[in-house]
Each structure stands twice: as C-alpha cells, then as structure tokens.
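We did not get these values from a lab; they are worked out from the coordinates using the rules stated. Since we're looking at a predicted model, the values are computed, not measured. With ideal geometry, Cβ positions are generated from the backbone for all residues, glycine too; neighbour counts draw on all protein chains shown.
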C-alpha cells in the first residue's frame, strides 16, 4: 500500500531546452534525503505534455538509476492514447519502475465505460502496479467513484491520485475502497482533510522544495496527532497556495530556481511567470524561511 509523501518531480531543463540531467539527479537525491516515500517523475509537474515519449522514458530511467532502489519510482507514463500508454508503461517496467501513474485520458473525453476499458486494458497488458490519476480540471473528464471501484477489483490497480478537489467525492472513494487500495491527495492544501478522512498521503508539488517538512507534516497526520498536524497545515498553507499563483509547474520551478537547485527554464507553451507573480513567490519563500 502506498502511504506518505511521493514527490511529483519537476523536470529541469537547460537554456537550450534539453533535459538537465545533473539537476535532475541532484533533485532526486534531495528528495530522498528529505525522507519522502517515493518519487513520481513526468506527471503534470514534470511537464509531461511538453516532453517527447522518448524523453519521457529517458527521464524515468534517469530517476530510477539515481534512486538506485532507495525509494520506489512511480513512473508517469499516461496518455490519452491507450496503446501509447501501454508502450511507455512497458518500457518503464523494463527500466525498473515500481509502479505507474496513469492520468485519465485527456482531450478526447471518453465516457465512463471508455475510462474503465482504458485503465483495465493497461492493467491487463502491463503487469505493474497502477495508480489512477483523476484530475478533471486538466483532463476534462471525472472518474466517477463507481468506475474507480470497478477498476479497484483488478490486482494491478492499487490506488488513486485524487486531484478533483471534490471532498465529497473523496469521501465516497474512501468509504467504498477495498483494503490496500491507496487514496493519495493530488493537492497539497487538501492533505490534512484527506488523511483525517482516512486517506493515505499525497503526491506532492511542494515537496520538491520542502521534502523534509512535507514528510514530517504527512507523518504527523498519519500518526493521528491532529492538533500538531493542524498547526503544520496552516504554517505550510501559504506555500501550498503560492505554488498555484500560476499554472503548475511554473511557480514551483521558479521557486526552485531561487534556491539554486535548478534554472527556471520551460518549454512552450509554458513560460516564466510574470514579474508580479515572481515577486509574490519570492516573498512567500522569505516568509517561510526557505530563502
């Protein structure tokens, strides 16, 4: 079962647009040193829409190599094309990925039966644990609880990254899920309520920059120390909010550049945040004691 903090890893780029392998490897080491339970490369935060499929697998391979078995790597290998998702997930498995994060097919907007068949087919074709990624704000489709519970019957479908922002839906999932089916928040600012309701952790944006603090916060929640966890939640909330002053991952990559971990390079159509937003992010990092 997946519990704790799993970092939705950013993908560092060089000024020429290529993947910055040195920065990527250093970031992996920093996450592990911070105590996260696992790493999730090439999801939304890893700019999966702007990397090629070849680069997607290259990044997954670098992260697996650098992690060197110290923590599991959950490879972001989803697609709105089922066969492409199968192909990339097969390659990730061959590289040593512990599991795969599979986003709901985007843009083509399948109905619930299409969603079910997409994920079920993946689970049948690739013998690797699969975490379903429900993010209707980006995919334009919501994986309904009834569909997710049907998928949970498959031995390889082991959890969900819930980024719907819908607490009512999350409660339905938590109340109906089978044993050993993980429910992980896709939003840092909902970690506290989700774990209080029975959830298992988070696939986190903020842990890119504060892996130690996020690990401590989530562990406090999982230990049921609610007064302490509540204080930690409100202390971290300004940073959680700052990471969405603009479209993810623009703020987190800019924040990491301020700490010297990497340079803030993006690929079109993603661009550097406006000056006003950069100043706000800078101030939040100062207020949080990060700078």
For Rg and Dmax of the Cα atoms in Å, the choices are (1) 23.7, 88; (2) 19.4, 70; (3) 17.7, 49; which was calculated from the structure? (3)
Run the simple label-point estimate for residue 138 and residue 172 please: 7 Å along Cα→C-beta, distance reported in nm. 2.3
Mean separation of Cα contacts under 8 Å (6+ apart) over length of the chain, as relative contact order %: 19
Calculated from DSSP helices alone, with each H run of at least 4 adding -39500 (n - 2.57) and the total divided by the residues of the chain, [θ]222 nm to the nearest 500 comes to -14000 deg cm²/dmol
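Counting other beta carbons within 10 Å of each Cβ, put 161, 274 in order, fewest first.
Arranged by neighbour count, lowest to highest, 161, 274 become 274, 161.
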Two-site FRET efficiency, residue 291 against residue 22, from Cβ-Cβ distance with R₀ of 22 Å, rounded to 0.05: 0.45
Among 165, 34, 17, which one moves the most in a GNM of the chain with springs linking Cα atoms closer than 10 Å? 17
How many nm is it between the label spots at residue 275 and residue 29, if each spot is 7 Å from the Cα in line with the beta carbon? 3.7
Rounded to the nearest Å, what's the spacing between the alpha carbon centres of segment 259-283 and segment 206-251? Just the number, please. 20
Mind giving me the nanometre distance, one decimal, between the label points for residue 53 and residue 234, set 7 Å out from Cα along Cα→Cβ? 5.0
Alpha-carbon centroids, segment 108-179 and segment 1-64: separation in whole Å: 23
How many percent of DSSP beta bridges within the chain run antiparallel, rounded to 5? 5
For the pair residue 111 and residue 149, what calculated FRET efficiency results from E = 1/(1 + (r/R0)^6), where r is the Cβ-Cβ distance and R0 = 22 Å, to the nearest 0.05? 0.85
